[in-house]
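What follows is calculated from the coordinates using simple rules that are stated; it is not laboratory data. Computed from a prediction, not measured in an experiment: that's the story for all the values here. Cβ: placed from backbone, ideal geometry, glycine included. Neighbour counts: every protein chain shown.
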């Protein structure tokens with residue numbers, strides 16, 4: 001008859017010292033080294049060994065009680081956060097940048113709650129306290145502290161982790177302390193910045209005439225790049241990931257599709273938008289210059305590493321172009337162009353009738369009209385009905401001249417060609 005294992009502390013001689021181990025087979029475990037925090041080997045101190053033995057025994061007993069009562073197993077926050085991000089990456093539905101950003105959010109949560117904090121012990125009150133602490137944290141990329149909208153991103157990352165934890169059975173169904181909060185921080189609602197058609201025309205002409213002080217360091221295709229952003233409504237990542245074959249002069253379309261360079265934000269983002277006459281002219285003139293740049297498939301490539309790659313960041317180029325037209329540094333950003341396109345497109349005609357909101361939404365890569373109505377559509381002070389989206393200076397000479405005189409800008413008069421040209 002075999003002997004029944006019993007709970008006990010025992011020693012093993014290692015390196016001339018007696019090191020302590022615990023036998024937990026009686027409670028579903030095994031023989032384990034009793035290792036103190038910040039140590040790599042079993043302890044040689046009997047007092048510490050007893051304390052460690054008691055902690056491990058208590059953990060096994062809690063696990064047994066959880067099984068008896070049908071409760072989820074104890075799950076430390078740090079370990080599960082790591083598993084959560086690995087699972088997200090393996091699914092392939094988010095970008096590397098998303099993983100990096102959410103890893104930062106969850107690391108901040110781990111720092112606050114503790115690496116070994118059990119998921120089911122974090123309450124809505126705990127999360128509210130964390131949110132309050134986040135409002136005092138200094139922002140990384142701007143002056144001041146985190147805004148309510150930024151704090152909400154941290155909370156959303158933790159909430160997403162709990163959604164997976166429910167699916168994995170690590171917490172009880174429906175358990176999400178972020179979702180249980182009554183008053184979550186919210187970003188201040190304000191209208192996004194955008195350009196009216198005359199302003200967009202002025203900016204595009206400034207891009208055409210801009211000559212950098214250091215051409216060897218500047219973006220060589222600033223004009224066609226700004227034109228493509230303004231005349232397709234594409235997101236910056238979408239436009240920078242366009243390939244030459246995505247532009248069809250025959251079908252007069254620009255197609256946003258998944259390729260080896262980048263993903264698309266959503267399933268609805270796969271789309272073809274009209275190649276408007278103004279953009280067709282600009283890109284047709286640009287193609288010979290693109291061919292002279294060298295081998296590759298990207299429409300707007302970067303060769304800074306010696307190989308073709310995605311261009312990273314155009315803020316400096318936009319600041320330089322915008323300064324020529326009287327804007328200050330930071331006032332013109334690529335996201336404005338998406339809003340600008342939407343607002344200009346809503347003013348166009350489709351077979352003699354006003355274009356439908358649904359058509360505009362599909363061109364932006366949205367699944368419905370809601371975002372166009374609530375976020376992207378803007379009603380300007382200048383109505384410009386046209387058969388096509390276009391930003392031509394000669395169509396707005398009077399408006400732009402008055403603005404130049406009022407702002408006392410230093411653009412040359414030759415910027416505004418005669419009406420007949």
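Go ahead and run the numbers for FRET between residue 64 and residue 145, Cβ-Cβ distance against an R0 of 56 Å, rounding to 0.05. Write out the running numbers ahead of the final one.
Values: r = 46 Å, r/R0 = 0.81.
For residue 64 and residue 145, the calculated efficiency is 0.80.
Computed from Cα atoms, the angle from the helix 77-91 axis to the main principal axis of the chain rounds to 50 degrees.
Fully extending the segment from residue 260 to residue 39, taken as 0.36 nm per residue of separation minus the present Cα-Cα distance, adds 75.0 nm. Note on residue 379 and residue 316: the extension gain reaches 19.8 nm, defined as 0.36 nm multiplied by sequence separation minus the Cα-Cα distance. Compared with the dominant principal axis of the Cα atoms in the chain, helix 124-134 is inclined by about 50°.
The angle between the Cα long axis of helix 222-232 and the main principal axis of the chain comes to about 80°, on a 0 to 90 degree scale. Kirkwood radius, region 77-167, all distinct C-alpha pairs, inverse of mean reciprocal distance: 13.7 Å. Counted residue by residue at 0.36 nm each, then reduced by the alpha carbon distance between them, the extension gain from residue 272 to residue 182 reaches 28.2 nm. Applying 1/(1 + (r/R0)^6) with r as the Cβ-Cβ distance of residue 287 and residue 193 and R0 = 30 angstrom yields a FRET efficiency of 0.40. Cut-off 10 angstrom, C-alpha nodes, Gaussian network model of the chain. Which of 129, 206, 157 fluctuates the most? Answer for the Gaussian network model of the chain: 129. Across 19, 345, 93, mean-square fluctuation computed from a Gaussian network of the chain (C-alpha pairs under 10 Å connected) peaks at 19. Rounded, prolate or oblate, given the Cα gyration tensor of region 278-410, with a/c below 1.5 counting as rounded? Judged from the Cα gyration tensor, region 278-410 comes out oblate (a/c at least 1.5, b/c at or above a/b).
The alpha carbon radius of gyration of the chain, expressed as a multiple of 2.2 N^0.38 Å, is 1.38.
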